[in-house]
Amino acid sequence: MRVFHVVSEAVPFSKTGGLADVAGALPKAQAALGAEVTVVLPAHRTTLATQPSGKPGGRVEAMGLGGTVYELAQDGVRWLFVDCPPLFVRPGLYSLPEGDFPDNPMRFTWFARAALTLVKDAHVVHTHDWQTALVPFFLATSGAASPATVITVHNLAYQGVFPPWVLDACQLPKELFTMECLEYYGHVNFLKAGLVTASAITTVSPTYAREILTPEFGCGLEGVLQARKDKLFGILNGLDEEAWDPSRDRALPVPYTAENVAAGKAAAAAELRKALGMEASSRPILGIVSRLTEQKGADVVVAALDEILNLGFDLVVLGTGEARFEQLLAAAQRAHPERVAVALRFDDRLARLIYAGSTLFLMPSRWEPCGLGQMIAMRYGTLPVVHATGGLADTVRDVARPEGNGFVFSPLSPQALVQALARAAELLSKPGELLGFQHRAMACDFSWRASAAKYLELYRTLLAT
């Protein structure tokens with residue numbers, strides 16, 4: 001089976017978020033299961049002097065601009081980097097701190113058209129998010145026979161909505177600027193174009209697939225998705241278990257497995273406190289690695305902070321986000337320097353120490369299409385405390401249930417969060433029971449192999465119809 005992924009970013013070549021992690025791991029897992037996998041992505045680079053990955057392997061032309069294709073074989077996957085310097089030599093992938101690049105619609109329309117020339121022998125073309133949503137649209141409206149197409153929605157809140165003038169700028173057919181296709185409240189919606197034309201739609205967790213059919217989570221596209229719900233599937237993202245392995249993690253002072261989890265986590269906690277300038281203590285640490293936004297529940301954390309401390313937890317936060325939450329958490333650190341530590345930055349080593357050194361890991365997201373933090377935390381023997389939404393609800397089972405591996409609360413409120421933490425504090429007073437739940441969490445299988453197999457099964461179903 002020849003599978004082509006068309007995506008705007010992928011590790012280890014380019015990244016702004018979780019999309020890149022998926023695009024780097026899923027093709028590799030599919031190739032390991034026997035598929036012939038190619039990934040097509042822009043050759044993002046910051047300067048003209050930077051050499052794109054791979055060796056030159058042909059040219060593409062679209063919308064009056066040419067590009068060079070560079071090819072690289074890695075991890076059983078063929079990578080095709082499309083290099084067009086006027087579009088992809090930028091200091092960022094999509095934006096600068098002051099806002100998005102104004103030519104983003106032209107950049108990714110060009111990339112979609114260029115990708116069409118590279119996927120001609122594909123059985124399945126799998127696209128991701130709004131940046132590549134025009135690929136299934138172009139294939140479906142070309143009038144020619146085309147491969148099966150899949151579009152994965154990693155976060156429905158990002159849709160690629162632009163003013164109607166982009167129809168001319170992007171050479172999009174004006175006759176398809178209709179409610180049934182490109183038009184969205186007077187604007188052009190790239191993601192909608194893909195949703196209405198792809199052979200199948202997937203999201204990154206089963207619960208999120210159900211949630212986006214409702215007005216609360218549908219972001220204005222719930223009607224479009226309802227009309228195609230028989231083609232909508234939720235497949236949980238996996239976790240790169242090689243990248244996140246406490247037995248081989250060089251950031252940890254004492255690498256550990258389930259056999260020595262207590263000693264390994266104690267050493268990590270001590271190192272974490274030292275790195276953040278906190279006092280030495282045996283108090284349990286509640287860890288957060290997150291963007292500090294309302295979507296991630298930062299407002300709920302701030303509102304519950306005093307009661308979190310009263311329950312006996314110390315709080316460690318790593319991340320950046322909205323200024324108001326950064327300021328409130330920094331103020332909490334000043335008020336409780338021995339109990340609260342806030343690092344307003346990205347720091348991979350510190351993140352790993354938090355995953356390992358925390359007793360509990362908090363993710364009170366309002367919505368969470370999949371989430372990786374809770375999976376990583378469990379891999380490191382840290383019990384997650386999550387709001388029951390999206391992928392969090394699919395991966396975390398409350399300890400009150402037979403297969404429990406964490407704490408789940410609902411509704412999303414400071415009171416419900418504190419109640420969950422109070423239950424957690426009670427468990428922490430029983431070290432033997434806590435150890436059993438840590439072992440169970442570490443034994444959870446979140447590998448990409450299972451997810452990759454489900455995608456291949458979906459592809460086979462599409463090809464058989």
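The values are calculated or read from the model by the stated rules, or taken from the named source; none is laboratory data. Note that this is a predicted model, so its numbers are computed, not measured. When we count neighbours, we look across all protein chains shown, and the Cβ atoms used for this are built from the backbone with ideal geometry, even at glycine. Protein only, heavy atoms only, side chains kept; ligands, DNA and RNA dropped before computing areas. Shrake-Rupley method; radii C 1.70, N 1.55, O 1.52, S 1.80 Å.
Toward the positive end of the charge dipole of the stretch 314-465, with +1 on the Cβ of Lys and Arg and -1 on the Cβ of Asp and Glu, the farthest Cα among Leu362, Tyr380, Ser447 is that of Ser447. With the simple spin-label model, which puts each label point 7 Å out from Cα in the Cβ direction, the Gln415 to Ala243 separation comes to 4.0 nm. Take every DSSP beta bridge whose two residues both sit in the chain; close to 30 percent of them are antiparallel. Between the stretch 313-369 and the stretch 51-106, how many Å separate their Cα centres? About 35 Å separates the Cα centre of the stretch 313-369 from the one of the stretch 51-106.
Put the Cα centre of the stretch 397-423 next to the Cα centre of the stretch 433-465 and the gap is 23 Å.
Applying 1/(1 + (r/R0)^6) with r as the Cβ-Cβ distance of Asp100 and Leu344 and R0 = 30 angstrom yields a FRET efficiency of 0.85. For trypsin sites (Lys or Arg not before Pro), the sites in the stretch 276-351 that DSSP calls loop and that have at most 11 other Cβ atoms within 10 Å are Arg345. The portion of the accessible surface of the stretch 182-257 made up by carbon and sulfur, rounded to a whole percent, is 53 (1.4 Å probe; DNA, RNA and ligands excluded).
For the set Phe4, Phe162, the ranking by accessible area, highest first and with no ligand, DNA or RNA atoms included, is Phe162, Phe4 under a 1.4 Å probe. Which one, Tyr185, Val289, Ala23, is farthest towards the positive end of the dipole of the chain when Lys and Arg carry +1 and Asp and Glu -1 on their Cβ? Of the options given, the answer is Ala23. Listed peptides 64-77, 306-319, 88-101, 138-151 appear in the order 306-319, 138-151, 64-77, 88-101 once ranked by packing, highest mean of other Cβ atoms within 10 Å at the front.
Using Cβ point charges alone (K and R +1, D and E -1), the dipole size of the chain about the Cα centre works out to roughly 560 debye.
A straight line joining the Cα centroids of the stretch 113-139 and the stretch 193-236 runs 19 Å. For the pair Asp445 and Glu61, the difference between a 0.36 nm per residue extended length and the Cα-Cα distance amounts to 133.9 nm. Entry for the stretch 11-102 at q = 0.11, 0.22, 0.24, 0.25 Å⁻¹: log10 I(q)/I(0) = -0.35, -1.17, -1.28, -1.32, Debye formula applied to identical alpha-carbon scatterers, no solvent contribution.
Label sites at Asn310 and Leu176, each approximated as a point 7 angstrom past Cα along Cα to Cβ, lie 5.8 nm apart. The modelled label-to-label distance for the pair Ala330/Ala157, using points 7 Å beyond Cα in the direction of Cβ, is 2.3 nm.
If the stretch 249-317 were replaced by its equivalent ellipsoid, with semi-axes equal to the square roots of 5 times the Cα gyration tensor eigenvalues, what would those be, largest first, whole Å?
Details: eigenvalues 126, 44, 26 Å².
Result for the stretch 249-317: semi-axes of 25, 15, 11 Å.
For the stretch 46-133, trypsin sites (Lys or Arg not before Pro) meeting the loop criterion (DSSP other than H, G, I, E, B) and having at most 14 other Cβ atoms within 10 Å: Lys120. Close Lys pairs in the chain, defined as Cα atoms under 17 Å apart and 8 or more places apart or on different chains, number 8. Selection among Tyr256, Gly404, Gln419 by position relative to the dipole of the chain gives Tyr256 as farthest towards the positive end (Cβ unit charges, Cα centre). Between the Cα long axis of helix 431-443 and the first principal axis of the chain there is an angle of about 10°, rounded to the nearest 10. The Leu435 and Ala280 beta-carbon pair, evaluated with R₀ = 22 Å, returns a calculated FRET efficiency of approximately 0.45. Heavy-atom accessible surface of the stretch 313-443, averaged per residue, reaches 36 Å², computed with a 1.4 Å probe. For the stretch 136-273, the solvent-accessible area with a 1.4 angstrom probe is 43 square angstrom per residue.
Around the Cα centre of the stretch 349-465, unit charges on the Cβ atoms of Lys, Arg, Asp and Glu (plus for the first two, minus for the last two) sum to a dipole of about 240 debye. For Glu36 and Ala258, a Förster radius of 25 Å and the Cβ-Cβ distance give a FRET efficiency of 0.10, rounded to the nearest 0.05.
Considering only alpha-carbon pairs that sit under 8 angstrom and 6 or more positions apart, the relative contact order computed for the stretch 201-259 is 34 percent.
Relative to the longest principal axis of the Cα atoms of the chain, the long axis of helix 18-32 lies at roughly 70 degrees. Restriction of the GluC sites (Glu not before Pro) in the stretch 381-452 to DSSP coil positions whose beta-carbon has at most 16 other beta-carbons within 10 angstrom yields Glu403. Divide the volume of the convex hull around the Cα atoms of the stretch 177-243 by the residue count and you get 108 Å³ per residue. Can you pull a Stokes-Einstein diffusion coefficient for the stretch 142-207 at 25 °C (0.890 mPa s), Rh from Kirkwood over Cα pairs, as a whole number of µm²/s? For the chosen part, D equals 189 µm²/s. In degrees between 0 and 90, to the nearest 10, how far off the longest principal axis of the chain does helix 323-335 point, with axes built from Cα atoms? Helix 323-335 sits roughly 20 degrees off the main axis of the chain.
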